[in-house]
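The values are calculated or read from the model by the stated rules, or taken from the named source; none is laboratory data. Please read these numbers as outputs of a predicted model, since none were measured by experiment. Using ideal geometry, Cβ is built from the backbone for each residue, glycine included, and neighbour counts are taken over all protein chains shown.
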Amino acid sequence: MKKYLFLFVMGLPLCSFSQIFKPQGTSITDSWNTYSTGIGTQQPYWNAKLDIVGDNAGNKYASQLHLHTTGNPWGMFLGSYGNSIGVLSVGSHYSGGGNHQAKAPTSAGVIFYEGKTHFFANTGLTADTDFAPAYTLTIAANGNVGVGTSVPDTKLAVKGIIHAQEVRVDLNVPGPDYVFEPDYSLMPLTVLENYLKANKHLPEVPSAKTMEQDGVKLMEMNMILLKKVEELTLYIIELEKENKRQNDAINKLVDDSGK
């Protein structure tokens, strides 16, 4: 009889699961069949190894995992808020409406919101006050990256100054060496002068108003400016030839008059 009783007791964990109930109805459920643990739920979603369910409306911390050391209640927060928001932060936690609540003078973290990944870091915070994080880096769902802006409209959008040792740009327009081809025709200087008087900028160069409104495409602008430098070189060479012809003619007149 004792043998059968022992086997019965030992077999109980194989066909049942245990529950530990905490205050306010929070439960910890361990399912032996799936090796899944649920906090706040008896049915871990998708048989997740650890499923934490909470009510954000009643408690900002309810669905968040808080990791910290003794004497340091700030620590790290990992959690979700709504259907499309996930947060990993240090020194603050998500409090809703795009804001975080400070728990330390400094805060940093990552927030996943509506298809975007935002990185942020803030200093000078007062504990238990809400703040809107200043996103330092944003990765959009389409692969665009923003530095200093949360709405990148190109593959890399930077709001600020870029400091680099070298920048290499692939050309999608022809280099202006064609200016030196024998059949290239320079604009006559009188025509160029009239154009400048009428437009207040060089041909092919955007106006100041256009550049202020639309910005400057560096690759295209560099090619335009290089073309203008090459054209200017040709103008100087032509003027030098003209000066030589005139000097030769003057010297000939002087020689003839002295005879």
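Listing for the model above:
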{"read-out": "Residue check for Gln165: without any contact (Cβ under 8 Å) to a residue 40 or more places away in the chain and under 30 Å from Phe120 (Cβ atoms)", "value": "yes"}
{"read-out": "Subset of region 131-156 [over 28 Å from Lys217 (Cβ atoms) and loosely packed, with under 14 Cβ neighbours inside 10 Å]", "value": "Ala132, Ala134"}
{"read-out": "The one condition in (1) of a type in the set (A, V, I, L, M); (2) under 28 Å from the mean Cα position of the chain (by Cα); (3) not assigned by TED's automatic domain parsing to the domain that holds Thr117 that Leu192 fails to fulfil", "value": "(2)"}
{"read-out": "Which numbered condition Thr154 fails, given (1) modelled with pLDDT of 90 or more; (2) in contact with a strand residue (DSSP E or B) (Cβ under 8 Å, 6 or more places away or on another chain)", "value": "(2)"}
{"read-out": "Meets criteria (part of a strand (DSSP E or B), among the polar types (S, T, N, Q) and at pLDDT 70 or above) for Thr126", "value": "no"}
{"read-out": "Region 208-220, residues that are modelled with pLDDT of 95 or more and aliphatic (A, V, I, L, M)", "value": "Ala208, Met211"}
{"read-out": "Some residue of region 153-161 being among the acidic types (Asp, Glu), without any contact (Cβ under 8 Å) to a residue 60 or more places away in the chain and in a loop (DSSP other than H, G, I, E, B)", "value": "yes"}
{"read-out": "Meets criteria (in the same structural domain as Ile85 (by TED's automatic domain parsing) and of a type outside the set (S, T, N, Q)) for Val216", "value": "no"}
{"read-out": "Any chance Lys241 is within 30 Å of Leu156 (Cα to Cα), part of a helix (DSSP H, G or I) and not assigned by TED's automatic domain parsing to the domain that holds Leu156", "value": "no"}
{"read-out": "Number of the condition not met by Pro174 [criteria: (1) within 30 Å of Val110 (Cβ to Cβ); (2) out of contact with any Gly (no Cβ under 8 Å at 6 or more places or on another chain); (3) part of a loop (DSSP other than H, G, I, E, B)]", "value": "(1)"}
{"read-out": "Candidate set: region 180-195, residues that are aromatic (Phe, Trp, Tyr) and outside any loop (DSSP other than H, G, I, E, B); chosen: the one surrounded by the fewest Cβ atoms within 10 Å (Cβ to Cβ)", "value": "Phe180"}
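Conditions tested, residue by residue: (1) part of a loop (DSSP other than H, G, I, E, B); (2) surrounded by 10 or more Cβ atoms within 10 Å (Cβ to Cβ).
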position	(1), (2)
Tyr178	no, yes
Lys197	no, no
Pro203	yes, yes
Pro206	yes, yes
Glu212	no, yes
Met219	no, yes
Asn222	no, yes
